[in-house]
Amino acid sequence: MMSDHPITRYLISLFTHHKALSIGTKFYPTNETETEYVDLFNYTETVLLEIQEAQITTDSIFYNLIRDVGKENIPPNHSFYEFKPAEQRVEEYALVSDIIMGNDRYLYVEIPYPNNIINEFSRMIINSHGEIVEQSATEIIARMVSKNMAIKVALQMISLGYKFNIKVVGAVGMTGAAALERSIDYTHEVGEFSGVAFTKLGGEYAIVIDGPFEIGESHKPVYDNYLFIDIIDSTGFISKHGRDKLLELMTGVNNFIETQCQGQIEGYREGGDDFIARFPSKDLAIRAGLDTAWYILNNGAKVRAGIGRSRREAGERAQLADQIFVMGNPLSLVVFELANGIYAYNIPSEFSRTIIDLLTNQKGKLVGLLVVVAFLAYFVTAIGHPGFILAILVLVLIYGALS
């Protein structure tokens, strides 16, 4: 496990001028797929950078909910409860969990007594691309494509329930059991009122609906999840490896995204160095961006990648990478929004990875190298050749990197 290396993170923050939140990940894998991704995060020493800090408050949580669920689905006659405040910082392992495990969530719905309305709720779930896991005369557990979709469908169920004077309680969780438990907590905290409980950024929240309401017509733009990928200095890559190598690299990436990542390639010209891909969810877009960055870096190139809800937003996020560099060298970055902040994954080059590894995992070797440098510097100074100190330092660093 990595992630906790304050001195190394401080040095990265110093050189990049952006706060380094983690190196690798503290996420604990429980299956083969999770282990594969955790190993990649840790082997490549992937760094999570904070480009623009998220301002996490109850108001910002609710504002983002309105934006993501749709204002038309939240009536004026509502109350917004905060049972447990959100974390005031971004937890990297929670982000990694979403990226690896996906954005799907479980929705638990309960009505107080048997009624045929439960069958209408089932149809609403299926029409929203959800999957019924269990159903009884008064309860449903369903797997939904995302947390926001689960909340949206629960609010539509509450609206329909009021028409038949039926109280509807919904809750969203990572598992069916978690959603059920959240529903029980909601009833204890709020009482016998229609509403839906959920989590956001580690906090516990609920929307309680105080009376009948109609779901309005949506007027917001239809947002997708776009990934913009651009090879950094493709001209230099072509002069070093040839245009055929670039074509081979981009063709492999495009095929991978469409066959393995549920992405749809747009705006790619054969032989070009950039493309846009559309995904059904943000977690899939970030995962594809990381997979692509890891793969391209392994083939001798760097990428700037951006994820956004429109093609323009994705492109603008990728352009932020132009402002982040170390000693004049651009970084391989995947930039995305989290809460109302901007964050980026940096996949270090092989040389940077070696330095990070020395600082984090091989402190004994690093101390030994420094002792050797100090001794040799003293020796060459004593014999009257201080000009050799720089050469000694370079040779020792090369030896440390190669070993």
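Just to be sure I follow: if Rg is taken over the C-alpha atoms of the range 126-227 and Rh is the Kirkwood radius over the same atoms, what is Rg/Rh?
A ratio of 0.96.
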Cα-projected label distance for A137 with R311, points at 7 Å along beta-carbon direction, nm
5.5
Computed over the chain: longest principal axis from alpha-carbon atoms vs helix 147-163 long axis, angle to nearest 10 degrees, is 10
Using protein chains only and a probe of 1.4 angstrom, how many square angstrom of H129 are accessible, to the nearest 10?
150
Classified through the alpha carbon gyration tensor (a ≥ b ≥ c as square roots of its eigenvalues; rounded if a/c is under 1.5, else prolate when a/b is larger than b/c, else oblate), the range 75-129 comes out oblate
Looking at this model, which pairs from K163/K282; K84/K147; K19/K71; K200/K302; K152/K282; K26/K245 are more than 29 angstrom apart at the alpha-carbon?
K163/K282; K19/K71; K200/K302; K26/K245
Across Y63, Y113, Y43, the residue with the highest GNM fluctuation in the chain (Cα network, 10 Å cutoff) is Y113
To one decimal place, what Kirkwood hydrodynamic radius in Å is obtained for the range 197-309 from all pairs of distinct Cα atoms?
16.4
Calculate how large, on average over all directions, the projected area of the Cα convex hull of the chain is; give the answer in nm² to one decimal.
22.9
Classify the range 1-123 as rounded, prolate or oblate, taking a ≥ b ≥ c as the square roots of the eigenvalues of its Cα gyration tensor: rounded when a/c is under 1.5, otherwise prolate if a/b is larger than b/c and oblate if not.
oblate
Please list T187, T44 in order of solvent-accessible area, largest first, computed with a 1.4 Å probe with all protein chains present.
T187, T44
For the chain, what is the relative contact order in percent, using Cα pairs closer than 8 Å and at least 6 residues apart in sequence?
16
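In square angstrom, what is the accessible area per residue of the chain with a 1.4 angstrom probe?
Details: 20300 Å² over 403 residues.
Dividing the accessible area of the chain by its residue count gives 50 Å².
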What does the charge count around K200 come to, taking other residues whose C-beta lies under 11 Å from its C-beta (Lys +1, Arg +1, Asp -1, Glu -1)?
-2
Helix 6-16 versus the longest principal axis of the chain: what angle, 0 to 90°, nearest 10, using Cα atoms?
80
Using alpha carbons only, how many degrees (0 to 90, rounded to 10) separate the axis of helix 363-382 from the longest principal axis of the chain?
30
So the carbon and sulfur contribution to the accessible area of the chain, 1.4 Å probe, in percent, is 55
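The values are calculated or read from the model by the stated rules, or taken from the named source; none is laboratory data. Values in this document were obtained by computation on a predicted structure and should not be read as measured data. Positions of Cβ are backbone-derived with ideal geometry, glycine not excepted, and every protein chain shown enters the neighbour counts. To get the accessible areas, we keep the full protein, side chains included, count just its heavy atoms, and leave off ligands, DNA and RNA. Shrake-Rupley method; radii C 1.70, N 1.55, O 1.52, S 1.80 Å.
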